[in-house]
Structure formats: C-alpha cells, structure tokens
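Presented below is the structure to which this report refers.
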Amino acid sequence: MFTGFMVNTWIVASIVALIAGVVGSFVVMRGTAFAAHAIPQGAFAGAALAGLIGVDTILGLGVFSVIAALGIGWLGRRGRHDVAVALSLVVLLALGSLFLSWNTDYEPEIFSLLFGEVLGISSDQVAPTVVLAVVTIALMVVLFRPLLFSSVLPEVAEATGLSTRAMDLIFLIVLALATSMTLPVVGALLIFSLMIGPPAAARSVTANPMTALGISVVLSLVTVWVSIALAYQWNLPVGFFVGTISALWYAVGRAWLAWTRRRRRVAGDDVAEVTVQAAPLGRCRR
Amino acid sequence: MVPPLRSSEDAPGTYGEGAPPTGADLLRLDDVNVRFGDRQVLRDVAFAIEPGQFVGLIGSNGAGKTTLLRVILGLQRPTSGAVHLAAGHELGGAGRPRRAPLVGYVPQKVMLDPDLPLRARDVVALGIDGRRPGIGLPSRSRLALVDRLLEQVSATRFADSRVGELSGGEQQRVLIAHALIGRPRLLLLDEPLANLDLNAGQDVVNLLARLAHEQQIAILLSAHEMNPLLPVMDRVVYLAGGRAVSGRTDEVIRTDVLSGLYGRPVEVLEVQGRVLVVAGLETPDLPVVSAGARATR
C-alpha cells in the first residue's frame with residue numbers, strides 16, 4: 001500500500017486534504033458552499049475539453065475553474081448570488097456533457113473526473129499539485145485576517161476600506177485554484193464534501209478560529225488517508241469513502257454541539273428560575 | 001431630564017446649522033444632498049459634532065438615517081455638499097472618499113451565524129488590524145488591549161463565548177468594543193437599540209454616555225425612538241423626509257420646529273414623562289406621526 005506508484009498517491013492526497021481543510025473553513029464561514037459545489041462542475045467541463053483537444057488536464061481544470069469563479073463573481077454582483085451560482089453550474093455541466101459526447105474514449109476518464117481516481121496518480125502530477133498548493137496556502141495566509149473580517153462583519157470591514165466585492169472575488173479565485181488541484185484526486189462531485197464536512201464538524205467543537213482551522217485540517221487528512229486505505233483494501237471508489245466519512249464527521253460534530261448546548265441550557269434554566277422568582281410580578285408576563 | 005416643551009413664534013428651520021467652522025468640530029456636514037435616481041434621500045443636511053458630544057440621530061424608518069451614516073463613513077458619496085472630519089480628513093466631494101480612521105462604526109442588526117467559530121474576544125481583536133494582511137500572531141500587548149476593551153464594555157464575563165450565541169445586547173457590547181479598539185474620536189451607531197429589550201437598551205445607552213463623558217468620544221447614534229436617549233443626549237439631529245434640524249433637544253423637539261421640518265402641523269406632547277410627536281390637532285384625519293418618531297408614513 002505504501003510502495004511504488006502509491007507513494008505519489010499518499011503525497012498528493014495529503015496535500016489535497018490540507019488545502020481542502022484550510023480553504024473549506026472559509027467556504028463554510030462565508031456561506032459559499034454552493035459556489036464550492038459549482039466551481040468544480042466548471043472545472044469538470046474544462047477537463048473534458050482538455051481531453052477532447054489533447055492538452056494537459058490540469059490546464060483545462062485551471063482555466064475553467066477560474067472562468068467559473070469570475071463568472072459567479074460577476075453575475076453575483078448584478079443579481080442574487082445563489083441564482084448566479086446555479087446558472088453557472090448548469091451551463092458548465094451542460095458544456096461538460098457536450099465535450100464528453102464528442103470524445104470517443106471517455107468512459108473511465110469521466111468516471112475518474114467525477115468521482116476521483118486516487119490510486120493511479122502519476123509522478124508528473126505531483127509537481128503541479130505542489131506548486132498550486134504552495135500558491136493557495138500563501139494566498140490564504142496573506143488573506144487570513146481580511147477574509148475573516150469581511151466574512152464576519154462585511155459592513156464594518158467596508159467602512160475601514162476593505163472592499164467586500166474584492167474579497168469575494170479573490171476568495172472565489174482561491175477556491176478555483178484549490179479546485180483544480182483537488183479535482184483529479186477526489187473528483188468533481190466529491191471535492192465539495194471534503195471542503196464542507198471537516199470544517200463544519202470542526203467549528204461545532206470549538207469557538208476558537210485557529211483551533212477550528214487546525215481540527216478541520218486534521219479531520220480532512222484523516223478522511224483522505226482512511227479513504228485511500230479502504231479503497232485500496234476493498235477496491236472500491238475512493239470518493240465513496242471521502243463522501244461518507246466527511247458526512248460522518250459533520251454528524252458527530254453536530255451531535256456534540258447539540259449535546260453541549262443542551263447541557264448548558266439545563267444549567268442556565270436553574271439560574272433563570274431564580275431570576276423569575278426575584279423579578280417583580282409586573283415583568284413576569286408572558 | 002425631559003426637555004422643556006415650549007411653543008414659540010420663531011420661524012421654524014432656523015435651527016438647522018449653517019457652516020460656521022469653529023475649528024473645534026470633529027465632524028461637520030455642509031449642505032449634504034443625496035439623490036438615488038429621482039428620489040431625494042437627503043436634502044441640504046448640515047450639522048456639526050464636537051468632541052465628547054452625545055448626539056441622537058432621530059427619525060422614522062426611511063427618513064434617511066442609514067444613508068446619512070453611510071455618507072459620514074465614506075460608503076456613500078453625496079450628490080452635492082461635503083463632509084468635513086477633524087484634522088483635514090475630508091470625505092466626499094470630488095474624488096474617491098477616503099476612509100476615516102478616527103471614526104468607529106457599529107452597523108445595524110449584524111447577523112452572526114450562531115455556529116461561527118469565533119469568540120467575543122476574536123471579534124474585538126479584528127478591530128485592531130482586521131484589514132491588514134497576514135494571520136496576526138497573538139502577542140501579550142494585543143491580548144491585554146483586548147481584555148481592557150472587553151472590560152470597558154462589561155463583556156469580560158462572555159469574552160470566550162461563541163459570539164453568535166450571545167444575546168443582542170451582549171453582541172452590541174462586543175461590537176462597541178470592536179469599534180473602540182481603534183481609538184476613534186467619533187463612534188457611529190446605526191439603530192443599536194432596535195433589537196434590544198428596554199433594560200438591555202438602557203444599559204447600552206448608559207455605557208455610551210459614560211464613554212462620551214469619560215473618554216471624550218463623540219457619539220452619533222441613530223434611533224427611531226428618542227425617549228431612551230433623552231436623559232443623555234447633548235444634541236439631536238432630527239431627520240424627516242430627508243431634511244434635518246439639529247440643536248439641543250429643547251431647541252429641536254418643539255411643536256413649531258418639527259412642524260416646519262415635517263411641512264405640516266405636528267405637535268410635541270409630553271405624556272407621563274415621555275415625549276410624543278403626533279400629527280397636529282387641526283388635521284385629525286392624519287395618523288399619529290410618531291411616538292418619539294416611531295410610526296412611519
């Protein structure tokens with residue numbers, strides 16, 4: 001499992017998990033999960049086109065995911081963000097199906113683009129993934145505070161001269177970069193789950209933003225590692241494991257949050273009862 | 001401390017300030033007009049604020065309060081007129097508005113996701129350098145500063161709580177601390193009392209009055225209900241239909257002045273210690289204009 005061609009798989013998949021854990025934290029915080037779903041669909045069309053005209057897949061992925069990001073940013077300015085995202089998603093998916101229909105030898109190809117093909121990552125895929133990862137992480141480090149600020153208090157950030165629109169667009173482009181490197185590994189339909197599950201679970205167990213980021217990365221790494229091992233062992237699609245394990249983290253996180261909130265409410269009720277007794281009668285209506 | 005309710009024969013509108021630059025003003029608006037298409041939102045609005053003054057920006061919904069605050073913040077460029085900030089920080093007029101570092105801002109109704117992984121102290125820390133690039137490594141002096149601000153707004157108790165789970169009044173305090181940590185000389189608050197119950201609202205008003213008094217921070221607070229502010233307001237800017245009159249409360253909240261502002265007879269009444277602005281008696285078919293300018297149109 002750890003020899004020969006599988007070494008590349010472990011390296012690339014770990015990088016992918018790291019990126020998904022970091023970028024995904026902001027996807028969840030900014031409420032752009034839908035865009036995180038749509039951009040890979042655009043990238044999928046790009047990969048299909050690249051296969052058709054015979055250029056490198058990662059080039060098609062990169063160009064199309066950036067186009068999708070810019071399109072969503074541009075359309076979202078003029079109308080509702082979710083509608084713009086939905087339309088971009090549909091148009092790009094339609095293009096993808098067109099390109100694939102023109103392609104003669106697409107069957108295993110389409111399957112791996114949609115659902116990921118972790119077990120056969122070649123050594124020439126490692127270098128571009130590392131480059132994209134370094135760029136993405138560098139951007140996230142630089143953008144960390146402004147992105148946090150404009151996600152949480154957009155109006156206040158705007159008043160200090162931080163353009164919400166610019167932050168929106170820059171983040172969509174970071175998302176596009178992250179997409180183009182993660183797509184060949186986990187697939188267009190399942191990147192989404194890796195970017196949402198671990199960060200959403202992480203934010204349920206801590207209120208500290210840095211801790212949440214760290215937990216998100218750890219969960220994402222564990223998800224990918226376990227998925228690869230199980231996929232290798234049982235010869236099942238890796239995407240299946242990525243999707244279900246991500247969802248599992250989320251379920252566990254929500255259960256934990258619900259439990260702690262309930263416990264606190266029970267403790268709070270005792271206090272409330274005392275207050276009600278102490279309050280003058282006039283205030284106790286309702 | 002309800003202002004005396006007088007009625008006089010003075011011509012209304014004379015309390016709108018002209019433009020006497022005293023030099024001590026922190027903020028001065030000169031005949032600011034804002035027009036969206038064919039809708040005139042602000043019409044020749046002019047007033048000035050001095051350091052440490054507590055100013056209420058009173059008007060019903062749609063009177064132009066938020067637009068006026070956005071103009072002061074440089075988020076909305078006036079169609080004509082100018083906003084002068086102390087020490088030559090000029091906004092508006094020609095060119096792109098510059099940001100105003102001496103102004104802190106607490107927006108209206110911030111919607112915070114209850115699951116947001118952010119503690120009250122993280123929100124306050126964003127006020128130090130939230131717009132600067134990088135991660136912002138924690139340092140002892142930063143932590144101490146955040147702690148001090150949290151204490152100033154009596155938020156120490158929930159400093160480490162998830163900010164989205166706090167009550168409206170608690171979130172308001174955190175946002176005030178966030179705005180104050182940049183050491184502004186003027187604090188703008190958009191309807192901070194709108195979503196608070198009476199007690200929480202009164203706490204916030206008292207906190208702001210203390211800040212204005214102790215630290216000489218000028219406060220400009222918008223509200224549709226003026227009664228909670230009457231005990232602490234130094235001045236009032238009363239907006240109706242895009243026009244404004246400003247002055248001391250006893251100069252502005254008067255039957256003659258507000259009738260002139262509304263362009264129709266209204267009456268200022270004092271009922272059980274509360275000030276009500278109602279449509280004049282000679283036109284009984286008109287609805288109540290406002291209870292402290294509450295009802296709209």
Along region A:181-187, what does the Karplus equation 6.51 cos²θ - 1.76 cosθ + 1.60 (θ = phi - 60°) give for ³J(HN,Hα), rounded to whole Hz, x for Gly and Pro? 8, 8, 4, x, 8, 9, x
Percent RCO, i.e. relative contact order, over region B:179-219, from Cα pairs under 8 Å lying at least 6 residues apart: 52
Any chance you could give the angle, 0 to 90 degrees and rounded to 10, that helix A:33-53 forms with the longest Cα principal axis of chain A? 0
Give the calculated FRET efficiency between B:Ile135 and A:Leu70 to the nearest 0.05, with a Förster radius of 30 Å applied to their Cβ-Cβ distance. 0.65
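For peptide B:103-114, how many partner chain Cβ atoms fall within 10 Å of a residue's Cβ, on average?
Values: counts 2, 3, 6, 3, 6, 1, 1, 5, 0, 2, 6, 2.
That works out to 3 on average.
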Contact order relative to length of region A:1-155, as percent, for alpha carbon pairs under 8 angstrom and 6 or more apart: 34
Taking θ as phi - 60°, what are the ³J(HN,Hα) couplings along region B:267-276 by the Karplus curve (6.51, -1.76, 1.60), each to the nearest whole Hz, with x for Gly and Pro? 10, 9, 10, 10, 10, 6, x, 10, 9, 10
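Of the trypsin sites (Lys or Arg not before Pro) in region A:52-106, which ones lie in a loop per DSSP and count no more than 15 other C-beta atoms within 10 Å? If you can, show how the numbers build up before the last one.
Numbers: sites: A:Arg77, A:Arg78, A:Arg80; in loops: A:Arg80.
Hits after loop and neighbour filter: A:Arg80.
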Roughly how many nanometres apart are two label points built 7 Å out from the Cα toward the Cβ at A:Val134 and B:Asp160? 4.0
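Can you order the peptides B:73-84, A:171-182 by their average number of other Cβ atoms within 10 Å per residue, highest first?
Peptide ranking by packing, descending: A:171-182, B:73-84.
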Karplus ³J(HN,Hα) for region B:203-212 (6.51 cos²θ - 1.76 cosθ + 1.60, θ = phi - 60°; Hz, whole; x = Gly/Pro) runs 4, 5, 4, 5, 4, 5, 4, 5, 4, 4
Shape call for region B:27-251 from the C-alpha gyration tensor, a ≥ b ≥ c root eigenvalues: rounded (a/c under 1.5), prolate (a/b greater than b/c) or oblate? prolate
Nonlocal amide H pairs with A:Ile121, under 5 Å, H built at 1.01 Å: A:Thr9
Alpha-carbon centroids, region B:193-247 and region B:31-53: separation in whole Å: 18
Would you work out if region A:6-284 is rounded, prolate or oblate? Take a ≥ b ≥ c from the square roots of the eigenvalues of the alpha-carbon gyration tensor; rounded if a/c is under 1.5, else prolate when a/b is larger than b/c, oblate otherwise. prolate
Please give the contour-minus-distance gain from B:Arg210 to B:Arg142: 0.36 nm per residue of separation, less the Cα-Cα distance, rounded to one decimal in nm. 22.1 nm
What is the distance, in nm, between label points placed 7 Å from the Cα along the Cα-to-Cβ direction at A:Ala229 and at A:Ser163? 4.8
For A:Leu87 and A:Ala258 in the same chain, what is the full-extension length gain: residue separation times 0.36 nm, less their Cα-Cα distance, in nm? 58.0 nm
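When DSSP assigns beta bridges and you keep just the ones with both residues in region B:27-251, what percent turn out antiparallel, to the nearest 5? Mind showing how you got there, number by number?
Values: 22 of 39 bridges.
Close to 55 percent.
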Counting only residues 5 or more places away or on other chains, whose amide H sits under 5 Å from the amide H of B:Val106 once H atoms are built in the peptide plane? B:Leu188, B:Leu189, B:Asp190
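Taking beta carbons within 10 Å but only from partner chains, what does the mean come to for residues B:127-138?
On the way: counts 4, 1, 3, 12, 9, 4, 7, 6, 9, 3, 0, 1.
Shielding by partners across B:127-138 averages 5.
Please tell me the relative contact order of chain A in percent, rounded to the nearest whole number, where contacts are Cα pairs under 8 Å and at least six residues apart.
Working: 405 pairs, mean separation 80.5, N = 286.
Over chain A, the number comes to 28 percent.
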Taking H as built 1.01 Å from N, whose amide H comes closer than 5 Å to the amide H of B:Leu26, not counting residues under 5 places away? B:Ile49, B:Glu50
Measuring from its Cα centre, region B:27-251 shows a charge dipole (+1 at each Lys and Arg Cβ, -1 at each Asp and Glu Cβ) which, in debye to the nearest 20, is 780
Quick one: work out Rg over Rh on the C-alpha atoms of region B:135-186, Rh as Kirkwood radius. 0.97
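Rule-based calculations on the coordinates, nothing more; no lab input. Please read these numbers as outputs of a predicted model, since none were measured by experiment. Quick reminder, even Gly has a Cβ in these numbers, built from the backbone with ideal geometry, and neighbours come from all protein chains shown.
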